[in-house]
Amino acid sequence: MGGGDPDGNPRLRSAITTAKSENMPKDNIARAIKKGTGDLDGAVYEEILYEGYGPGGVAVLVETMTDNKNRTVADIRHYFAKSNGNLGESGCVAWMFDKRGVIEVDGEGVDEDELMDMAIEAGAEDVVEEESSFQVLTAPEDFNDVVDALEKAEVKMTSASISMIPKNTVDVTEEKPAKNLLKLLDN
């Protein structure tokens, strides 16, 4: 989806950055790109977003790539039911999330003010300090520019992706719903 050129496909570029951060060999990355663009034989995959409510009323988005929609929806419905959740209709929880670029930066040896200045200048919306790392948040259309600026400055990124960030969070404090929610998310 979006073609095999990372310069014109932010999702592919994000996947390549993540694969490189996990030390995936370049040959494997190239082969995966060729398979995805149809240059190599294989099944035709399509992307589907499922929405529902997990235990404790937690909104859940499930992004899938599948070659068989019927099998996948049955599996997803089964996972929700097994965890005391409900698979919902399209649009039932997506409005509760914002699409944002999320870049995780290793905090070791990084000055927060310098990172903030560099990221904001490149188009980032915010830089949030975590325990031992930083999270750079961008609008999806500015994601590539910010990643390019960080790469050029040789900032060590541990992951970079365009994600759905919840507008609100729910605390699940009861033990049984919490265990069921973790079981659902592990599937």
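Within the range 89-109, the only residue that satisfies the criterion of being among the aromatic types (Phe, Trp, Tyr) and free of Cβ contacts under 8 Å to residues at least 60 places away in the same chain is TRP95. Exactly one residue out of ASP117, ASP98 is over 21 Å from TYR50 (Cα atoms) and surrounded by fewer than 17 Cβ atoms within 10 Å (Cβ to Cβ), and it is ASP117. When ASP75 is tested against (1) more than 26 Å from PRO6 (Cα to Cα); (2) of a type in the set (Asp, Glu); (3) assigned to a strand (DSSP E or B), only condition (3) is not met. GLU131 meets the conditions (1) farther than 30 Å from LEU87 by Cβ; (2) surrounded by 14 or more Cβ atoms within 10 Å (Cβ to Cβ); (3) within 22 Å of the chain's Cα centre (by Cα); (4) of a type outside the set (Lys, Arg) in every case but one. The failed one is (2).
If I ask for residues that are part of a loop (DSSP other than H, G, I, E, B) and in contact with a Phe, Trp or Tyr (Cβ under 9 Å, 6 or more places away or on another chain), which ones from the range 94-119 would you list? Within the range 94-119, GLY107, VAL110 meet the criteria. Of all residues in the range 153-171, one or more are under 24 Å from ALA94 (Cβ atoms), open to solvent by less than 30 Å² (accessible area, probe 1.4 Å) and modelled with pLDDT under 90.
Would you pick out the residues in the range 58-85 that are more than 18 Å from SER163 (Cα to Cα) and modelled with pLDDT under 90? Break it down into steps so the answer makes sense when it comes.
From the range 58-85, those more than 18 Å from SER163 (Cα to Cα) are 66-85; that's our starting set.
Within the range 58-85, THR66, ASP67, ASN68 qualify.
When PRO25 is tested against the conditions (1) at pLDDT 85 or above; (2) open to solvent by 80 Å² or more (accessible area, probe 1.4 Å), the lone failure is (2).
Within the range 172-187, the only residue that satisfies the criterion of being touching a strand residue (DSSP E or B) at 6+ places or on another chain (Cβ under 9 Å) and either open to solvent by 100 Å² or more (accessible area, probe 1.4 Å) or modelled with pLDDT under 90 (or both) is LEU185. Counting just the residues of the range 44-87 that are among the aromatic types (Phe, Trp, Tyr) and open to solvent by 20 Å² or more (accessible area, probe 1.4 Å), which one comes out nearest to ALA178 (Cα to Cα)? Restricting to residues being among the aromatic types (Phe, Trp, Tyr) and open to solvent by 20 Å² or more (accessible area, probe 1.4 Å), the top hit is TYR53. Here the range 134-152 is the region considered, the condition is being under 12 Å from LYS99 (Cβ atoms) and in contact (Cβ under 8 Å) with a residue 60 or more places away in the chain, and the residue that is surrounded by the most Cβ atoms within 10 Å (Cβ to Cβ) is PHE143. Among the criteria (1) touching an Asp or Glu at 6+ places or on another chain (Cβ under 6 Å); (2) under 23 Å from LEU150 (Cβ atoms), the one LYS20 does not fulfil is (1).
The values are calculated or read from the model by the stated rules, or taken from the named source; none is laboratory data. Since the model is a prediction, treat every value here as computed from it, not as a measurement. All Cβ positions, glycine included, derive from the backbone under ideal geometry; neighbour counts span all protein chains shown. With ligands, DNA and RNA removed, areas are computed over all heavy atoms of the protein, side chains included. Shrake-Rupley method; radii C 1.70, N 1.55, O 1.52, S 1.80 Å.
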